[in-house]
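K.L.:
Structure incoming, see below.
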Amino acid sequence: MMVLITYDVSFEDPEGAKRLRRIAKCCQDYGQRVQYSVFECEITPAQWVKLKAALLDEYNPETDSLRFYQLGSKWQKKVEHHGAKAGFDLFRDPLII
Amino acid sequence: MRKLQNTLYITRQGCYLHKERETLVVECERKKLIQLPVHAIANIFCFGNVLVSPYLLGFCGENQVNLAFYSEYGKFLGRLQGRQSGNVLLRRAQYRISAEAPLDIARNIIAAKIQSARRVLQRRQRNHGAHEDVTIAIRQLNASLKKLQSADHIDQVRGIEGDAAAQYFAVFRYLLTDKTRQQFDFNGRNRRPPRDPINAMLSLLYSIVGKEISGALQGVGLDPQVGFLHADRPGRDSLAQDILEEFRAWWIDRMVISMLNRGQFADKDFIYAASGAVELKDDSRKALFQALQMRKQEKIQHPYLEEEVEIGLLPHIQAQLLARHLRGDLACYPPFLMR
């Protein structure tokens, strides 16, 4: 399944930058960064449980926000990209370096 | 069925692969080229001078990521054998089934081969009008398929396969347009050495794709030398030849036919040796490889997985499906057959 994850982390307190970095790293473990605070993660339900738990562990519910959009398996039809930084499809695009 | 994961090919020289948390990082000259979650990757194929961090080696072993090393020019050198991959059991199963009960797998493969040959001929009839000889050949291939169902010995399967191949190649020349046939004719398959341009092109492509299949089999932990249809012979990758049967007509023969019919090759592209052998000139060989690379990047709907895959990944996919069957995860081996 494909989950779109977006977040806002408050910098009001000094710990904010640290939380931001940790949340980004968690997302990067399972997906790819499409914009600064936006990740696309194509994962199994089991992986999603882990990732969600890790994210909910890191964020501060008082000041930060996390949003998860479940795009399902037909996600390619629901996503349209314009402009720079067109992401690539981790599972399907040829990875030849 | 498990999700079809991607394969990472590292062909750039001097790359360094390492693991960062759950991601795989590829660096070259200390610049990060790509960073992706490891769970997206099933195979990593390194060509030439590619460095892999020991930690990533361990991770690949632990998580059944196939990590294989090739020379810069594609010769298989070695691969990492993981902890839980059960490779010895897989190979034992392969040896056991190859020795005791090769029939089912061989029959499946040959059924797919004959059907795909028949479909190539039928396609010709649809596009260019019926030709009497081709119609007869199609009918005979149908009969071969029927005979195959009741074949109960591997030698019978081999016999039916030989017959069907002869039928198919007897009318192969009618796949060429009249205009092409004036320039290149085809009078049956010959090899070692190929004695006409079409046989030269077929032989070269069969060999290249055959090597890719060998690599793919090795990549999933199978022994490419122990086959089901092809008997053991020193130096022959029999299992790779088995799997190649599924791809010959649909992939390679059709590619050669359409290139010739489009007029992409002419008489001057070939060297006619005094011995009767025909070879491709350097430039025409490059053109052929380029066409193969282009074809490999085309996507098709895999008839069994029902997923869109690049044609170039088919050898790896079939190797994985065969491994799954030998492990007992799949009741029978689904050979590749385009609908």
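K.L.:
Please compute the per residue accessible area over the protein assembly as shown with all protein chains in place, 1.4 Å probe, rounded to a whole number of Å².
P.N.:
Using a 1.4 Å probe on heavy atoms only, each residue of the protein assembly as shown averages 51 Å².
K.L.:
Could you compute the net charge surrounding A:Ile23? Neighbours are other residues with a C-beta less than 9 Å from the C-beta of A:Ile23; K and R count +1, D and E count -1.
P.N.:
So the environment of A:Ile23 carries a net charge of +2.
K.L.:
Partner chain Cβ atoms within 10 Å, averaged over the residues of B:30-41 - can you pull that number for me?
P.N.:
The mean count of partner-chain Cβ atoms within 10 Å per residue comes to 4.
K.L.:
Could you give the radius of gyration (one decimal) and Dmax (whole number) of the Cα atoms in chain B, in Å?
P.N.:
Both quantities, over Cα of chain B: 21.2, 65 Å.
K.L.:
So what is the calculated 222 nm ellipticity per residue for the protein assembly as shown, using -39500 (n - 2.57) for each DSSP H run with n of 4 or more, over all residues, to the nearest 500 deg cm²/dmol?
P.N.:
-14500 deg cm²/dmol
K.L.:
Another one. What helices does chain B hold that run 30 Å or longer along their axis, going by alpha-carbon atoms, with a Kyte-Doolittle average of 0.0 or more, using DSSP H for the helix calls?
P.N.:
Span-like helices in chain B: B:197-219.
K.L.:
B:Tyr95 accessible area, nearest 10 Å², 1.4 Å probe?
P.N.:
90
K.L.:
Just grab the label-to-label distance for B:Arg191 and B:Gln290, each label 7 Å out from Cα along the Cβ direction, in nm (one decimal).
P.N.:
Here the answer is 2.7 nm between the modelled labels.
K.L.:
Oh, and also: Taking N as the number of residues in the protein assembly as shown, what value does Rg over Cα atoms divided by 2.2 N^0.38 Å take?
P.N.:
Computed over Cα atoms of the protein assembly as shown, the ratio equals 1.14.
K.L.:
Can you pull the one-decimal nm distance between simple spin-label points at B:Arg12 and A:His82, each 7 Å off the Cα toward Cβ?
P.N.:
Taking the simple label geometry, B:Arg12 and A:His82 are separated by 3.1 nm.
K.L.:
Follow-up. Most mobile of A:Lys74, A:Lys50, A:Lys18 per a Gaussian network model of chain A (Cα springs, under 10 Å)?
P.N.:
Result: A:Lys74 has the largest fluctuation of those listed.
K.L.:
Mind putting together the pair-distance distribution for region B:201-288? All Cα pairs, 5 Å bins, whole percent per bin, short to long.
P.N.:
3, 14, 19, 19, 15, 14, 11, 5, 1
K.L.:
Return the inverse of the average 1/r over all pairs of distinct C-alpha atoms in chain A, which is the Kirkwood hydrodynamic radius, in Å to one decimal.
P.N.:
For chain A, the Kirkwood estimate is 14.3 Å.
K.L.:
For region B:34-191, which semi-axes, largest first and in whole Å, follow from the square roots of 5 times the eigenvalues of its Cα gyration tensor?
P.N.:
43, 24, 14
K.L.:
Here is a further query. To the nearest 100 Å², how much accessible surface do chains B and A cover up together, summed over both, with a 1.4 Å probe?
P.N.:
1900
K.L.:
Can I ask one more? Would you mind getting me the FRET efficiency between B:Glu100 and A:Ser65? Use the beta-carbon distance for r and R0 = 60 Å, nearest 0.05.
P.N.:
0.45
K.L.:
Follow-up question, since we're still on this one. Which number do you get for Rg(Cα) / (2.2 N^0.38 Å) in region B:115-214?
P.N.:
1.18
The values are calculated or read from the model by the stated rules, or taken from the named source; none is laboratory data. Since the structure is predicted, the reported quantities are computational estimates derived from the model, not experimental observations. For neighbour counting, all protein chains shown are included, and Cβ atoms are generated from backbone atoms with ideal geometry for every residue, glycine included. The accessibility values were calculated without ligands, DNA or RNA, using every heavy atom of the protein model including side chains. Shrake-Rupley method; radii C 1.70, N 1.55, O 1.52, S 1.80 Å.
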